[in-house]
Structure formats: C-alpha cells, structure tokens
Amino acid sequence: MRSISDASILVIDDHLPNLKLVEAMLRPAGHERLTLRSDAHDLPALLETVQPDLILLDLHMPAPDGFAVLAQLADLIPRDSFLPILVLTADVNPAKVTSTWYLPTGSSGKE
C-alpha cells in the first residue's frame with residue numbers, strides 16, 4: 001500500500017504566489033510529487049503525463065476558468081475511476097461562495 005505522501009498532486013492556479021504557497025505547505029509535509037501549473041490549456045496531455053491522484057483547482061482563472069476545467073475533467077476522467085478534485089477559491093463574496101460550493105452534481109459535473 002502506498003503512503004499518502006507518494007500521491008501525485010496536480011495544482012492549477014493562475015497566481016504564482018498561490019502556487020508557491022501550496023508548494024510551501026505540501027513539500028514540508030512530505031509531498032514530493034507535485035506538479036504546479038498556472039493554466040490548464042493542455043489538460044488532456046497534462047493528465048496523461050502527471051496521472052494525478054488529487055487535483056487542487058482554482059476556480060477564478062482566465063480562460064479556461066475552474067468551471068470550464070471541471071467540465072473538461074468530467075469528459076476526461078472515466079466514470080468508474082476516482083480522482084478527487086479540491087476546489088480552491090479566495091472569493092469572499094457570500095453569494096458567489098455559496099453558489100460555488102453548491103455543486104449539485106459533484107465536481108465531475110455529471111449526475
């Protein structure tokens with residue numbers, strides 16, 4: 001059985017300081033298999049290359065934004081597989097946060 005520190009983690013965020021912060025938090029905790037990306041333009045190839053066990057995804061990015069990436073992931077991830085996606089946002093607008101966290105079909109975008 002693999003250790004959780006062996007997990008491959010893909011982090012997608014358009015702000016370099018956020019990428020550095022996530023890296024600064026995860027590496028000291030023993031996570032060495034980190035892939036940091038500032039956009040998701042080549043998502044299919046990235047998934048194939050990285051084969052992540054976990055995705056940390058910013059919602060508010062320039063095109064494609066996090067919602068578009070979630071929709072794309074829904075088409076790329078086989079329905080019978082398990083790939084957790086942790087959605088990140090720095091948005092403090094209560095209306096936006098509420099609608100953001102209410103993903104009725106889950107992060108896969110499919111029911």
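The values are calculated or read from the model by the stated rules, or taken from the named source; none is laboratory data. All of these numbers come straight from a predicted model, not from anything done at the bench. Don't worry about glycine lacking a Cβ; one is built from the backbone with ideal geometry, like all the others, and counts go over all protein chains shown.
What to note about this one:
- ASP39 vs. criteria among the acidic types (Asp, Glu), surrounded by 12 or more Cβ atoms within 10 Å (Cβ to Cβ) and touching a helix residue (DSSP H, G or I) at 6+ places or on another chain (Cβ under 7 Å): no
- Among residues of region 63-76 that are within 13 Å of ASP42 (Cβ to Cβ), those with a beta-carbon under 6 Å from a residue that is part of a loop (DSSP other than H, G, I, E, B) and among the hydrophobic types (A, V, I, L, M, F, W, C) at least six positions away or on a different chain give the pairs PRO64/ALA40; VAL69/ALA40.
- THR105 being farther than 23 Å from LEU26 by Cα, modelled with pLDDT under 85 and crowded, with 16+ Cβ neighbours inside 10 Å: no
- When residues of region 1-34 are limited to those that are in a loop (DSSP other than H, G, I, E, B) and charged (D, E, K, R), the one surrounded by the fewest Cβ atoms within 10 Å (Cβ to Cβ): ARG2
- Scanning region 40-80 for residues that are within 11 Å of the chain's Cα centre (by Cα) and assigned to a loop (DSSP other than H, G, I, E, B) gives ALA40, PRO52, ASP53, LEU59.
- Evaluation of LYS96 against (1) at pLDDT 80 or above; (2) surrounded by fewer than 16 Cβ atoms within 10 Å (Cβ to Cβ) (one fails), failing number: (1)
- Among the criteria (1) assigned to a loop (DSSP other than H, G, I, E, B); (2) at pLDDT below 80; (3) surrounded by 11 or more Cβ atoms within 10 Å (Cβ to Cβ), the one LEU83 does not fulfil is (2).
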